[in-house]
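Chemist: Have a look at this one.
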């Protein structure tokens, strides 16, 4: 995870999503999933996250999803609130499930809180994480399988291999996987 500045709510969001969404919620109080009115704003959310998954801190070539930071299951009233959306890969979104704010919010992450180890490509929490966030940061690694989950390691490996094979410059690696780029820089003499 890397720091992400809060993404400004797009113009027209309330009229296109929030207002009709609130009406939909009222008409469908027992719905298991919300109507995906936010889809037309996914690209704007993605741009605010530099097209990087807010949790994995990597470009998701599949396009990514809107994560409801506080889940619809536990907080249905937030389903159509822009401030509740985070950009995430589908893999991270499904791993997060209904963990809600037990998982570290990408908007809370500070500089240097996480690092990637080479050659294992595992993610770990650094000493830069303030004490009040440490337990949450460790839980996030476990819940989202960010430390060493098979899928996330393959994903990191694909970007790292492209760099090692000369198909991606260090600057290019920084754009698609900034924590891996930092690990490469820190490893260099």
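Every read-out reported here was derived from the displayed coordinates using simple, explicitly stated rules and does not represent laboratory data. Small disclaimer: the values here were computed from a predicted structure and weren't measured. FYI the Cβ positions are ideal-geometry reconstructions off the backbone, even for glycines, and counts take in every protein chain you see.
Chemist: For the Cα atoms of the chain, what angle does the longest principal axis make with the long axis of helix 150-164, in degrees from 0 to 90, nearest 10?
Modeler: Orientation of helix 150-164: about 50 degrees from the principal axis.
Chemist: Okay, next question. Which of the peptides 56-66, 101-111, 159-169 is most tightly packed, and how do the rest follow, going by the mean number of other Cβ atoms within 10 Å of each residue? It would help to have the intermediate numbers written out before the result.
Modeler: Values: 56-66: 19.2, 101-111: 17.0, 159-169: 14.1.
Top of the packing list down: 56-66, 101-111, 159-169.
Chemist: Next question, about the same structure. What is the helix-to-structure angle for 131-143, meaning the angle in degrees between its Cα long axis and the longest Cα principal axis of the chain, kept from 0 to 90 and rounded to the nearest 10?
Modeler: 90
Chemist: Calculated FRET efficiency, residue 138 and residue 33, Cβ-Cβ r, R0 30 Å, to nearest 0.05?
Modeler: 0.50
Chemist: Considering Cα pairs under 8 angstrom that are at least six residues apart, work out the relative contact order of the chain and quote it in whole percent.
Modeler: 22
Chemist: Measure off 7 Å from each Cα along the Cα-to-Cβ vector at residue 127 and residue 62, then give the distance between these two points in nanometres to one decimal.
Modeler: Reported label-point gap for residue 127 and residue 62 is 3.8 nm.
Chemist: As a check on your grasp of the helix formula, calculate [θ] at 222 nm for the chain: sum -39500 (n - 2.57) over DSSP H runs of n ≥ 4, divide by the residue count, round to the nearest 500.
Modeler: Taking each H run of at least 4 residues, the total per residue is -10500 deg cm²/dmol.
Chemist: Using the count of nearby Cβ atoms within 10 Å as a rough guide to exposure, how do 72, 139 rank from fewest to most?
Modeler: 139, 72
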